[in-house]
Amino acid sequence: MSPIKLLLTGATGYIGGTVLTQLLNSSIPEIKELSISVLIRKPEQAELYASKGVNLITFDGLEDVECLRRVAGEHDIILHAADSTNPSAAEALTLGLADTQGSTKKYFIHTSGTSSLGDRPVTEQLIENREFSDKNDDIYSYLKQREAVESYAQRATDIKTVEVGEKVPGVDTLIIKAPIIHGRGTGFFNQKSFHIPVLIKGAVAAGHAQYVGDGAGIWDYVHVVDLAELFELLVAKILKNDTKGLLTGRKGIYFAGTLRHSWKELAESIAQHCYEAGRLESPTPQSISLQKAADIYTGGDEHIAEVGLASNSLTVADLAREIGWTPKMKETDFQQSLLDDINLLFGSA
Ligand SMILES: NC(=O)c1ccc[n+]([C@@H]2O[C@H](COP(=O)([O-])OP(=O)(O)OC[C@H]3O[C@@H](n4cnc5c(N)ncnc54)[C@H](OP(=O)(O)O)[C@@H]3O)[C@@H](O)[C@H]2O)c1
């Protein structure tokens, strides 16, 4: 029997790279037998993948939806970790899976984030005093309702993924909505996350760590290796045909948070570590306005700055835990992640 074919996008990235390493090092027999392909757009990165036993497919980028659809048609499972904000790419990959109908079900696993659930506490346009459970709350309907009021690319992509999956035969979709991801990645290229390193760089540039307004908004965090283990678990369940309890479609929206901090707490930790590393003169962070945060961090976009740097986005990963996900990283690993990021950004002091 020919091996099951898995396609990974974003393999050179932080999340995709760590997921690829997790799969390549997996001790699960069904995963060892997988045929894994990656879509890469930079030829200079190609050689390494061939040497690791990974099939290489080069392409111009996610904008080439015809190519995405054609390549997707040659695979059984897609892990899409390249861009959580591109509905056309998610659609093309899902449609492509449906183009080649066989006897086995195909799976599209999309990587997304939780800023699409974030409230607007600074402008007071939306205050959410709630925790979302992926098991007990109808996340899809919540996303639809928010999107009807205000468009947000990450949310639109989640909705597109679910709706295309429902429309085409033979494809099940799952979405992993990861909160802030921390920890050193294990991929071959980018090993650092986005959120925290950007805030560290901003702190050092400003001379003090920063938080927006009162910094009281709270978010969840997940270590990148714990997250990669969730991908591994989902792939293993699919390969073993152990899909009872594996929710898909509009119910198959999985959270992945394990730790929780306010923005002010994050700024305090960044300030303390940068101070100890000799990168800041004070271990005390400072409050900045939303407008200033937007100017520094989000190209002037206050909406993105508010949901991405000041909001409350509280999620409970009930579904993943129910199917056996056992994240291991603790608060000490989170603090170590901050040190690792400082060293990755500036080198050891
Ligand atoms: N890091 C987090 O905390 C977090 C949390 C939740 C969700 N997310 C979302 O998950 C996605 C991946 O995040 P990440 O941290 O792994 O980012 P990353 O390290 O920047 O990696 C992005 C990957 O996607 C590829 N890619 C991006 N745009 C592309 C395009 N237009 N065409 C082809 N390939 C493209 C990159 O390829 P190249 O190497 O060729 O550039 C790279 O392999 C992002 O959309 C991010 O917003 C991130």
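Every number here is computed from the coordinates shown, using simple stated rules; none is lab data. Since we're looking at a predicted model, the values are computed, not measured. Positions of Cβ are generated from backbone atoms using ideal geometry, with glycine treated the same way; all protein chains shown enter the neighbour counts.
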Subject >> 222 nm mean residue ellipticity, helices alone, for the chain (DSSP H n ≥ 4; -39,500 (n - 2.57); rounded to 500) >> reply: -12500 deg cm²/dmol
Original post:
In the P(r) worked out for segment 56-188, what percent of Cα pairs fall beyond 22 Å?
Top reply: 43 percent
**OP:** Please give the per residue volume of the convex hull enclosing the alpha carbon atoms of segment 212-349, rounded to a whole number of Å³.
**Re:** 137 Å³
Original post:
Can you list the residues, at least 5 places off or on another chain, whose amide H is less than 5 Å from the amide H of Tyr254, using H built in the peptide plane?
Top reply: Ile175, Ile176, Lys177
**OP:** Would you pull out the residues with amide H under 5 Å of Thr315's amide H, same chain only if 5 or more places away, H placed 1.01 Å from N?
**Re:** Phe132, Asp220
Original post:
Could the peptides 103-110, 123-130 be put in order, highest first, of the mean number of other beta-carbon atoms found within 10 Å of their residues?
Top reply: 103-110, 123-130
Original post:
Per residue and in Å³, how big is the convex hull formed by the alpha-carbon atoms of segment 141-195?
Top reply: 127 Å³
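Sequence gap at least 6, Cα distance under 8 Å: using those rules, report the relative contact order of the chain to the nearest whole percent.
21 percent
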Original post:
Cα-based Rg (one decimal) and Dmax (whole number) for segment 146-269, in Å?
Top reply: 17.7, 55
Original post:
Once phi is turned into θ = phi - 60°, what whole-Hz ³J(HN,Hα) does the Karplus curve with 6.51, -1.76 and 1.60 give for every residue of segment 272-286, x standing for Gly and Pro?
Top reply: 4, 5, 5, 5, 5, 7, x, 9, 10, 8, 9, x, 10, x, 10
Original post:
So how far, in whole Å, is the C-alpha centre of segment 178-229 from the one of segment 262-328?
Top reply: 7 Å
Subject >> Computed Rg/Rh of the chain, alpha carbon atoms with Kirkwood Rh >> reply: 0.97
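How would you rank 50-60, 150-160, highest first, on the average number of other Cβ atoms within 10 Å across their residues? Intermediate values should be presented prior to the final figure.
Values: 50-60: 12.9, 150-160: 19.2.
My ranking of the peptides, most packed first, is 150-160, 50-60.
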Original post:
What's the Kirkwood radius of segment 40-116 in Å, using all Cα pairs?
Top reply: 13.4 Å
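Could you tell me which of the pairs Lys167/Lys292; Lys32/Lys144; Lys177/Lys292; Lys244/Lys328 are separated by over 32 angstrom between their Cα atoms in the structure shown? Mind dumping the intermediate values first?
Details: Lys167/Lys292 43 Å; Lys32/Lys144 38 Å; Lys177/Lys292 28 Å; Lys244/Lys328 25 Å.
From Lys167/Lys292; Lys32/Lys144; Lys177/Lys292; Lys244/Lys328, over 32 Å: Lys167/Lys292; Lys32/Lys144.
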**OP:** Bin width 5 Å, alpha-carbon pairs only: give the P(r) of segment 281-349 as whole percents, running from 0 to the bin holding the largest distance.
**Re:** 3, 12, 11, 13, 20, 19, 12, 7, 2, 0
Original post:
If you bin the C-alpha pair distances of segment 1-84 every 5 Å from 0, what whole percents do you get?
Top reply: 3, 14, 27, 29, 18, 7, 2, 0
**OP:** Under 19 Å Cα to Cα from Lys330, which aspartates and glutamates show up? Leave out anything in the same chain fewer than 8 places away.
**Re:** Asp220, Asp226, Glu229, Glu265, Glu268, Asp318, Asp340, Asp341
**OP:** Name the long-range amide H neighbours of Ile4: under 5 Å, sequence gap of 5 or more, or other chain; modelled H, no Pro or chain starts.
**Re:** Ser35
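Please list 272-279, 181-188 highest first by mean number of surrounding beta-carbon atoms within 10 Å per residue. Don't jump to the answer; show the numbers that get you there.
Working: 272-279: 17.6, 181-188: 22.6.
Taking the mean over residues of other Cβ atoms within 10 Å, the ranking is 181-188, 272-279.
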